[in-house]
Amino acid sequence: MFTKILVANRGEIAVRILRTCRVMGIETVAVYSDADARALHVTLADQAIRIGGAAPADSYLSQTTILEAARTSGAQAIHPGYGFLSENDAFAAACAAAGVTFIGPSPDAMAKLGSKTAARRIAEAAGVPVVPGAVPRDQSDAALIAAATQVGFPVLLKPSEGGGGIGMKEVHAAADLASAIAQARREAEAAFGDGTLYVERLVARPRHVEFQVLGDSHGTVVHLFERECSLQRRHQKVLEETPSTAVTPALRSRMGAAAVSLAKAAGYSNAGTVEFLVDGHGDTAHFYFLEMNARLQVEHPITEAVTNVDLVRAQIEVAAGRPVPWTQQQLLQRGHAIEVRVCAEDPRHGYLPQAGALALYREPAGPGLRVDAGVTEGSEVSVHYDSLLAKLVAWGETREAARHRALEALADYPILGIRTNVPLLRRLLEHERFVAGDLDTHFLQTEASALIPIDDTPSADARAVAAVVQSRPPASSAEISGAPDPWTSLRGLRV
Amino acid sequence: MSDPVVTPLGRGRFLVSSEGRQRVAYGVSASGSTWVFLDGEVAVIGPTASKARTTAADEQASLTAPMPATVVAVAVQPGQKVGAGDVLIRLEAMKMELPIRSPRDATVVAIKCREGELVQPGVPLLELSEA
């Protein structure tokens, strides 16, 4: 087993990985950019190494600097988290060449699956159904337009590399194609350094259901059931839950088997996620392979909540050559878990990302709750990275129990100083269609008016609190450092 | 209807009693406004109206970045005639592209940013002819 691991990431996922390393008695090395010198993940590691400037290309994407940090710190393994270098097969190969274990799949499996086109071919060969689509070898505008016309509108333009919704464009008519191609190509080049595009048929009212898999270097692959990820905005997930309200036991076993055979066909080891589109409902619903994410997913905690496993621990164990720690029969889904992504964005203003300091930040706590955060009170949210601040995961015996826990927790999750989507998430959890489990990937668009009310007038109670805040001098150091003295501060103030 | 009673609890926490019910609220002053969290909703009170009016007046002639962002592309040149909705500048922030569009038909008077530059909110990026 490794005695020292370097975490090549930032934010909530770096924090989450560092925590498991500590529990396993493994020493930790954090890396950070200039913008993150005082970030939460840096303070939680045994050792922290600066790797460059704020721009990702100068730091979290700098392969040589990160490998050098591993060498100087004596880390035997690198956990890449998600995003950044996590699905970069060249980096995984460079790690192997440098004698450092990359905690993830082999460079070969990653290269095959990282390209959506090659992944589709593997799926087809493994007998897993795929959505009609094409990747023209000729990437000229004319060839892409011809491919889209052949697939049939509406189409989805996707970068062949990468993920996370970056560069993805829905196109409903041929006339809009040229500008969408240019924008998708630009975003893909900026984010992944590769502007190769892929054209896919858009399925109407699809549900996005993914399966967690874990494989080892001995050829064993198990699945850890599904995650329902239909609530998305511009292909960025907003809320995930498991089990899916659309998946019956018979469908679950078909999809699970398909996920395992796909991973086996790709020679996959470590944690991965097989994404499917589900069309229809009941035992006979159709499902199509979308892509395989060769990394730990953002939403992995809901799987951990219903299966009672630590996926990061399992990742580290299989990377060290150990077998998958559980048999398929040992894995059970118990209860229901819901994750909401708390983001620094303003839904009232086109979800504009927000940057700035968290003047006040207090996490909720209670039975069945977990908050994976990359920030703390006083943290500076930087313009350089994505807007995810934290993930709130609520578990309950039933979907309703989990939903109520999530709602209550959000009502006790103040984040002030910058706008966040917390109020939107609460309205989402209360929406009658969400309560009924009637979801599709367009939900946030079609229900926007209910989720983002026009009336923004503060309540009388909120105004009363504001008046008290304004009437008080800036908090004294005594008030910040300790509990208030009830004899001096418990005084009703009428306004 | 009685007025709400607000009791400071320290560290930005407040007990709010109104209509026979009590809840905990959070409040803090930040970047010139007062921020309150109550019942899962956020209220931002202020900045003052006069400051808001000044900003609105400025926007008639110049376009500003809505948040700190990097200029990816400047799509127009001084002297160029543009139509309402035309993309003038492309910004990128937090991995998202933000197009800055022309609010109306106008002529580009001056460009005040360059590609690759990190721009701050409120700083003019481009000036248009008067409406």
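The values are calculated or read from the model by the stated rules, or taken from the named source; none is laboratory data. Fair warning: this is a prediction, and the values are worked out from it, not measured in the lab. Every residue, glycine among them, receives a Cβ derived from its backbone with ideal geometry; neighbour counts consider all protein chains shown.
Brief remarks follow.
- Listed by first and then second residue, the pairs with beta-carbon distance under 7 Å, at least 6 apart or on different chains, first residue in region A:322-350 and on the phi > 0 side of the Ramachandran plot, second β-branched (Val, Ile, Thr) and at pLDDT 95 or above, are A:GLY335/A:VAL306.
- The single condition among (1) modelled with pLDDT under 95; (2) surrounded by fewer than 18 Cβ atoms within 10 Å (Cβ to Cβ) that A:PRO347 does not satisfy is (2).
- Any hit, region A:394-402, residues being surrounded by fewer than 19 Cβ atoms within 10 Å (Cβ to Cβ), free of Cβ contacts under 8 Å to residues at least 40 places away in the same chain, in the same structural domain as A:THR307 (by TED's automatic domain parsing) and among the charged types (D, E, K, R): yes
- Among the candidates B:GLN22, B:GLN80, B:GLN60, residue that is away from chain A (no Cβ under 13 Å) and at pLDDT 90 or above: B:GLN80
- Within the set A:ALA271, A:ALA355, A:ALA305, the sole residue that is farther than 28 Å from A:GLY215 by Cβ and either within 21 Å of the chain's Cα centre (by Cα) or among the hydroxyl-bearing types (Ser, Thr, Tyr) (or both) turns out to be A:ALA355.
- Near pairs, Cβ below 6 angstrom, 6+ apart or cross-chain, from region A:353-366 (more than 27 Å from A:GLU408 (Cβ to Cβ)) to any residue that is acidic (Asp, Glu) and crowded, with 19+ Cβ neighbours inside 10 Å: A:PRO353/A:GLU345
- Against the conditions (1) more than 14 Å from chain A (Cβ to nearest Cβ); (2) modelled with pLDDT under 85, B:ALA110 satisfies every one except (2).
- Here the condition is being touching a Leu at 6+ places or on another chain (Cβ under 8 Å), outside any strand (DSSP E or B) and of a type outside the set (Asp, Glu); of A:GLY256, A:GLY282, A:GLY267, A:GLY272, it holds for A:GLY282 alone.
- The set of residues in region A:166-217 being in a loop (DSSP other than H, G, I, E, B), touching a Lys or Arg at 6+ places or on another chain (Cβ under 9 Å) and hydrophobic (A, V, I, L, M, F, W, C) consists of A:ILE166, A:MET168.
- Subset tally (residues that are buried (at least 18 other Cβ atoms within 10 Å of the Cβ), charged (D, E, K, R) and over 30 Å from A:LEU389 (Cα atoms)) for region B:87-131: 0
Yes/no matrix, rows are residues, columns are (1) in the same structural domain as A:ARG334 (by TED's automatic domain parsing); (2) buried (at least 23 other Cβ atoms within 10 Å of the Cβ):
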position: A:ALA190; (1), (2): no, no
position: A:GLY193; (1), (2): no, no
position: A:VAL213; (1), (2): yes, yes
position: A:VAL222; (1), (2): yes, no
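- Verdict on A:LEU277 being at pLDDT below 95 and surrounded by fewer than 24 Cβ atoms within 10 Å (Cβ to Cβ): yes
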